[in-house]
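The values are calculated or read from the model by the stated rules, or taken from the named source; none is laboratory data. What you are looking at is a predicted structure, and each value in this text was computed from that prediction instead of being measured. Cβ placement follows ideal geometry from the backbone for every residue including glycine, while neighbour counts extend to all protein chains displayed. Calculation scope for accessible area: heavy atoms of the full protein, side chains included, ligands and nucleic acids excluded. Shrake-Rupley method; radii C 1.70, N 1.55, O 1.52, S 1.80 Å.
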Amino acid sequence: MDPDKKLLPPQLHVFVRDWLSANNILLKSREGHVLIDSGYVRHVPLTLALLASPQGIGDEPLGRLVNTHCHSDHMGGNAAIKARYGCPIALPEGEAPLICSWDEKTLLLRYCDQRADRFSVDEIIAPGESHVWGGLEWQALAAPGHDMGALVFYNPEHRVLISGDALWENGYGLVMPAEVDPLALPAARATLDMLAKLDIRIVVPGHGDPFTDVGAAFDRAFQRTTAFEADSVRIARHVLKALFMFALLDKQRMRIADLPEYIGTIGVYRDFNALFFRMAPAELAEFLVSELERSRALRREDGWLRPWAN
């Protein structure tokens with residue numbers, strides 16, 4: 001076991017996933033088990049298997065499914081879990097209207113070539129509320145920036161922060177440039193300021209292992225924010241590389257010859273190109289691929305792109 005995980009209360013179990021699926025955080029109690037975040041739709045079979053495993057809830061019922069926010073890697077398993085367990089789905093107050101209207105651009109679904117099965121909202125969680133999950137009291141705190149309706153959950157007793165994509169060990173989830181959303185980056189900084197004032201012993205992030213070197217994580221997050229504040233094009237490059245890599249992880253391979261049409265067709269690449277880069281689609285495609293190839297995120301093989309690890 002990761003030594004940091006020993007600092008978590010025994011009723012809290014983290015299924016650490018990857019970059020396509022957010023971590024699944026299970027809070028167990030006799031009053032009803034609660035799952036926070038359900039991963040990506042491609043990984044639904046594994047998510048259901050983990051939930052039904054001995055480390056999960058076995059054949060017991062699931063009392064509630066909660067989301068930190070409603071991007072595809074966090075809510076992609078919602079529909080399947082609701083179908084399997086019949087449990088209510090509780091969403092942040094700011095996310096519920098987007099799900100009710102199924103706003104695929106704001107949810108970064110079709111607009112970014114991502115997928116999720118539609119589901120309905122049963123309960124709403126407002127910032128400032130407290131909820132008892134797993135026999136522990138969790139404060140719901142507004143954490144806009146990466147997602148403007150996001151919440152994080154803080155337990156003062158054990159000094160645990162469930163941070164979603166508001167804080168990772170190395171940074172945080174992508175934030176839109178000011179030219180796309182002028183409120184996003186200031187909100188991300190304000191969220192970091194708010195979180196840095198909490199007494200946190202361990203962070204359970206949306207991606208990656210739980211970590212305890214919280215001060216160093218905040219330092220890195222603030223440094224990234226300062227760099228982004230100085231250069232919108234840098235943010236735009238980061239956003240497109242993250243979204244392109246997510247698509248490649250989902251598809252597992254992409255034909256290189258098809259990339260110019262892909263970049264010219266998918267809304268986020270088309271819009272960002274017009275705003276920031278003004279390149280031919282083939283040129284932007286080659287730029288993104290070369291950058292990701294240099295960082296060993298992907299590789300070219302026989303006319304295809306594949307994730308580096310595959």
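Each Cα pair under 8 Å and six or more residues apart adds its separation to the average, and for segment 1-124 the resulting relative contact order is 21 percent.
Over segment 174-285, the alpha carbon radius of gyration divided by the compact-protein estimate 2.2 N^0.38 Å works out to 1.28. For CYS100, the accessible area of its heavy atoms, probed at 1.4 Å with every protein chain present, is near 90 square angstrom.
For segment 1-158, the calculated P(r) over all alpha carbon pairs, in 5 Å bins from 0 to the bin holding the longest distance, is 2, 9, 19, 24, 22, 16, 7, 2, 0 percent.
For the chain, the longest principal axis of the Cα atoms and the long axis of helix 281-294 meet at an angle of about 60 degrees. Short-range pairs are left out: with C-alpha atoms under 8 Å and at least six residues apart, the relative contact order of the chain is 14 percent. Distances between placed amide hydrogens fall under 5 Å for LEU298 paired with GLU293, TRP308, all partners being 5 or more residues away or on another chain.
Of all lysines in the structure, the ones whose alpha carbon falls short of 19 Å from that of LYS241, not counting any fewer than 8 places away in one chain, are LYS105, LYS251.
Each Lys and Arg adds +1 at its Cβ and each Asp and Glu adds -1 at its Cβ; summed about the Cα centre, segment 119-271 shows a dipole of about 560 debye. For segment 152-169, the Karplus equation 6.51 cos²θ - 1.76 cosθ + 1.60, evaluated at θ = phi - 60°, returns couplings of 10, 10, 10, 10, x, 4, 9, 6, 9, 10, 8, 9, x, 9, 6, 7, 10, 5 Hz by residue, with Gly and Pro reported as x. Computed from the alpha carbon positions, the gyration tensor of the chain leads to an equivalent ellipsoid with semi-axes of 32, 22, 19 Å, biggest first. By its C-alpha gyration tensor, with a ≥ b ≥ c as the square roots of the eigenvalues, how is segment 234-310 shaped: rounded for a/c under 1.5, else prolate for a/b larger than b/c, else oblate? Because a/c hits 1.5 or more and a/b exceeds b/c, segment 234-310 counts as prolate. Summary value for segment 50-176: 20 percent relative contact order, contacts being C-alpha pairs under 8 angstrom separated by 6+ residues. Using the empirical formula 2.2 N^0.38 Å as the baseline, the Cα radius of gyration of segment 67-220 reaches a ratio of 1.03. Within the straight-line cut-off of under 19 Å between alpha carbons, the aspartates and glutamates reachable from LYS28 are ASP37, ASP59, GLU60, GLU137, GLU157, sequence neighbours fewer than 8 places apart in one chain being disregarded. Helix-only arithmetic for the chain: the sum of -39500 (n - 2.57) across DSSP H runs with n ≥ 4, divided by the residue total, places the mean residue ellipticity at 222 nm at -9500 deg cm²/dmol. Give me a comma-separated list of calculated 3J(HN,Hα) values for segment 38-53, in order, Karplus coefficients 6.51, -1.76, 1.60 applied at θ = phi - 60°, integers in Hz, x for any Gly or Pro. In residue order, the calculated couplings are 10, x, 8, 4, 4, 9, 3, x, 5, 4, 5, 5, 4, 5, 8, 6 Hz.
Quick one: which residues, 5+ away or cross-chain, put their amide H under 5 Å from the amide H of ILE57? H built at 1.01 Å from N. So ILE57 has HN proximity to ALA52.
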